[in-house]
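*Asks:* I have a structure I would like to understand better, so I am pasting it below and will then ask my questions one at a time.
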Amino acid sequence: MVQFRLGTRGSALALVQAGMVRAALCAAHGWTEDQVETVVIRTTGDRVQDRALAEIGGKALWTRELDRALLAGEVDACVHSMKDVETIRPDAIRIAAMLPRADVRDRLIGAQSIAALPHGATVGSSSPRRHAQLLRMRPDLKVVIFRGNVDTRLAKLAAGEVDATLLAAAGLDRLGRGHVGQPIDPDVMLPAASQGAVGLETRADDTNALALLAPLDHAGTHACVRAERALLAGLVADCHSPVGAMADMDGGTLRLRGELIANDGAAWVAGEMTGDDPETLGQALAVDLLARAPDAVRRLFGA
């Protein structure tokens, strides 16, 4: 008998992550795998692969259909890569749990380092953050839109459509491709907010689902993701906004780092703060960064 229904996208990575959640639920509650049903929901983001997300609706393209299924009671919870989840969520939906975070870094595929890329090299990326960060370090590079799942992007790279691309280390690791690419230290390139984190959302009033998911929650990961998402909220950042963010925890103290970059990489601001409360910390760093940001950067955010 099915005890729990998990909604997920149908990509290879999404299915691996749903499998991780299913295994965690079974371990927590003594269930067998057939007691957790995986419900695949095709999203607009999966269907439209030829344009940047920012041009066609942003992160909602990954969540809209999953939200509908969740609120309609078709699934008990949805599995998300948290970096793909909008900052402001519906009141009827709650982020109930986070799995332990994986590698937060980006990996460069096609060269040993960003410095080693040939002059004028073409790099495929549809991320405004990566686009701006690359141009900040290497204004000579040409950055072009590059969408699709991991296999699609690697195939395009192999076919010579671009000289290099960037992918999240966590996704590569989860797909058994931990050997692919060169990891980029966060001191060189801060990752996206919530990168490497898998989250579970359920209906805010579903006390049974909330209770079943509670044992899966990794408190440290959840606190770091909350801080990073609070920074985005304070910046009024959206999918167009070139922003890097990363929180880590030492004991009970959070350290949050952030950077905002102009689209052409010519201007930027960076900073970090420490604190105990994730939301307060994220909001405070947002205020600080916006206060110090050059005009070319500030106009991209909520200032």
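*Asks:* In this structure, is Val85 more than 29 Å from Asp248 (Cα to Cα), touching a residue at least 40 places away in the same chain (Cβ under 8 Å) and not charged (D, E, K, R)?
*Replies:* Answer is no for this residue.
*Asks:* Can you name the number of the only condition in (1) at pLDDT 95 or above; (2) more than 15 Å from the chain's Cα centre (by Cα); (3) farther than 23 Å from Ser125 by Cα that Pro100 fails?
*Replies:* The one condition Pro100 does not meet is (2).
*Asks:* Regarding Ala132, is this residue in a loop (DSSP other than H, G, I, E, B), within 23 Å of Leu300 (Cα to Cα) and either touching a helix residue (DSSP H, G or I) at 6+ places or on another chain (Cβ under 9 Å) or not assigned by TED's automatic domain parsing to the domain that holds Leu13 (or both)?
*Replies:* No; evaluated as a whole, the condition is false for this residue.
*Asks:* What do you reckon, is Arg153 of a type in the set (D, E, K, R), closer than 24 Å to Phe301 by Cα and either part of a helix (DSSP H, G or I) or without any contact (Cβ under 8 Å) to a residue 12 or more places away in the chain (or both)?
*Replies:* Here the answer is no, as Arg153 does not meet what is asked.
*Asks:* Let me ask something else. Which of the residues spanning region 203-241 are farther than 16 Å from Lys83 by Cβ and modelled with pLDDT under 95?
*Replies:* Val236
*Asks:* As an exercise: evaluate Glu201 against (1) assigned by TED's automatic domain parsing to the domain that holds Thr87; (2) among the acidic types (Asp, Glu); (3) without any contact (Cβ under 8 Å) to a residue 40 or more places away in the chain and give the number of the one condition it does not meet.
*Replies:* Every condition holds for Glu201 apart from (3).
*Asks:* When you check Glu228 against the structure, is it closer than 27 Å to Gly19 by Cα and part of a helix (DSSP H, G or I), yes or no?
*Replies:* Against the criterion (closer than 27 Å to Gly19 by Cα and part of a helix (DSSP H, G or I)), Glu228 qualifies.
*Asks:* Next question. What pairs can you find where one residue is in region 204-226 and outside the structural domain of His80 (by TED's automatic domain parsing) and buried (at least 20 other Cβ atoms within 10 Å of the Cβ), the other is outside any helix (DSSP H, G or I) and acidic (Asp, Glu), and their Cβ atoms are less than 8 Å apart, with a gap of 6+ or different chains?
*Replies:* Cys224/Asp248
*Asks:* Could you list, in sequence order, all residues of region 1-40 that are surrounded by fewer than 20 Cβ atoms within 10 Å (Cβ to Cβ), among the β-branched types (Val, Ile, Thr) and at pLDDT 95 or above?
*Replies:* Val16, Thr32, Thr38, Val39, Val40
*Asks:* Could you go through region 108-125 and let me know if any residue there is crowded, with 19+ Cβ neighbours inside 10 Å, assigned to a helix (DSSP H, G or I) and either aromatic (Phe, Trp, Tyr) or touching a helix residue (DSSP H, G or I) at 6+ places or on another chain (Cβ under 6 Å) (or both).
*Replies:* Looking through region 108-125, none of the residues is crowded, with 19+ Cβ neighbours inside 10 Å, assigned to a helix (DSSP H, G or I) and either aromatic (Phe, Trp, Tyr) or touching a helix residue (DSSP H, G or I) at 6+ places or on another chain (Cβ under 6 Å) (or both).
*Asks:* With of a type in the set (Gly, Ala, Ser) and in contact with a Leu (Cβ under 7 Å, 6 or more places away or on another chain) as the only criterion, which of Ala115, Ala132, Ala121, Ala155 stands out?
*Replies:* Ala121
The values are calculated or read from the model by the stated rules, or taken from the named source; none is laboratory data. Computed from a predicted structure; not experimentally measured. Glycine also receives a Cβ, built like all others from the backbone with ideal geometry; neighbour counts cover every protein chain displayed.
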